[in-house]
Structure formats: structure tokens, C-alpha cells
Amino acid sequence: MALRFATPLTPCAGRFAVQQDRKEFFHTMTTKTFQSRNGETLLKPVLTEEEYRSFQNEYAGFCLACGETAYNVEQDARRYVCESCNRPKVYGFEELLLMNLIVLQ
Ligand SMILES: [Zn+2]
């Protein structure tokens, strides 16, 4: 959570933040941009099935706006406010999967 970026919407910044902050646990997760229904460019996580299960077990969430991971988020959480970018774009991982916003590799 220590890192802040001037332009949090670039995919590289999101990926960098995730890798820097959670290196020990989320080492291979990357992000991919997509267009939301209202035309916003958002990020979705690209990860392995094993990582997905870890995130789920750890009550982690993911911010679609800046790509940060969040903690103490219910698995089916929706629209929680992100601690990094203050936008209500944090979703639990189970919810992301249901919304088809997880890329399993
Ligand atoms: Zn965010």
C-alpha cells in the first residue's frame, strides 16, 4: 500500500504496484485492460487457478480501476472503495469470477 502512482489507470503501474507490494504471495499475477460497459478502461487480474484460490482464501479483493489488491474483502464483495485510488471499484475474487473478469492462465 506504500506505493502511489500519478496515473493509476495505466496497466503497467497496476502490475508494478501489485508485484512490489505483494511479491511474496502474488508473484505472478499481472493485469489486463478491458473496456467497461460505459467505456471506461479498467483492469482485470490475470492469474493461475492456484493463485485465484489463494486470493479467495485470504479474503482478498481487486480494484478494477488501479489494479491494487485489497484485504479483508468478502469473496462476493462489490464496489468497495479502494484504499489506493478511492474509487468504488474493489470486488471480491469470487465476484470477479462470476462477472467473468478473471483471466485464468
Ligand atoms: Zn484502486
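When only residues in segment 34-55 that are in contact with a helix residue (DSSP H, G or I) (Cβ under 8 Å, 6 or more places away or on another chain) and not in a strand (DSSP E or B) count, which is farthest from L98 (Cα to Cα)?
So, considering only residues that are in contact with a helix residue (DSSP H, G or I) (Cβ under 8 Å, 6 or more places away or on another chain) and not in a strand (DSSP E or B), the one farthest from L98 (Cα to Cα) is F55.
In segment 53-69, what residues are more than 9 Å from the ligand (Cβ to nearest atom) and either surrounded by fewer than 19 Cβ atoms within 10 Å (Cβ to Cβ) or at positive phi (or both)?
Listed by number, the residues that qualify are R53, S54, Q56, N57, E58, Y59.
Scan segment 70-105 for residues that are touching a residue at least 12 places away in the same chain (Cβ under 8 Å), of a type in the set (V, I, T) and near the ligand (Cβ under 10 Å from one of its atoms) and jot them down.
Listed by number, the list holds a single entry, V90.
Could you check segment 64-86 and list, in sequence order, the residues that are under 12 Å from the mean Cα position of the chain (by Cα), small (G, A, S) and in a loop (DSSP other than H, G, I, E, B)?
Correct list: A65, G67, S84.
Every number here is computed from the coordinates shown, using simple stated rules; none is lab data. Small disclaimer: the values here were computed from a predicted structure and weren't measured. Glycine also receives a Cβ, built like all others from the backbone with ideal geometry; neighbour counts cover every protein chain displayed.
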